[in-house]
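Only one structure is covered here, and it is reproduced in the block below.
The values are calculated or read from the model by the stated rules, or taken from the named source; none is laboratory data. Values in this document were obtained by computation on a predicted structure and should not be read as measured data. A quick note on method: Cβ atoms are made from the backbone with ideal geometry, for glycine too, and the neighbour counts reach across all protein chains shown. Only protein heavy atoms, including side chains, enter the accessible area calculation; ligands, DNA and RNA are left aside. Shrake-Rupley method; radii C 1.70, N 1.55, O 1.52, S 1.80 Å.
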Amino acid sequence: MSYKKRLSLQSSAAQLILDLLQMTLDHSVTYSLDSKSEHTLLTAMLHLSKCSSLYPRSYILTEVRQDEFPIASGHFGEVFRGDYNGRKVALKVFKLYLTLSLISNITKALFKEAILWRHLVHRNLCCFTEFIN
């Protein structure tokens, strides 16, 4: 299957490929992937996510407890304290007061940010884990 054809996949096929790409990247040490291969997989994931408006299902959190009141607020959202599997977490909740077409564009941008952020590693950055559905 050609690269362009993979990027045009919709729905269940796109979802399966996104899930597989993420699983492969999550286990890149096990699969002995070099940085060029990781970059290629991440790029494919970003393009497929943008084209399909989907993201890997492993990004969805369940069983999260969120405090009632935010600890910080800004123009685009609020940050809450939370608990996930006994671990204290920060939860960013976005405010969207826009038309449906703008929400679609912003959602695609958030998916891209989430995919990139999940793969950032730096001692001064919090890691992205998942979305709350």
| query | Once the dipole of segment 28-72 is set up with Lys and Arg at +1 and Asp and Glu at -1 on Cβ about the Cα centre, which of Ala44, Leu33, Ser58 lies farthest towards its positive end? | reply | Ala44
| request: Determine the gain in length on full extension of the stretch Phe94-Arg81; use 0.36 nm per residue of separation and subtract their C-alpha separation, reporting nm with one decimal. | output: 3.2 nm
| request: Over segment 57-104, with every protein chain in place, what whole percent of the accessible area is carbon and sulfur at 1.4 Å, could you tell me? | output: 57 percent
| query | What nm distance separates the two modelled labels at Ala44 and Ile71, each placed 7 Å from Cα along Cα→Cβ? | reply | 3.9 nm
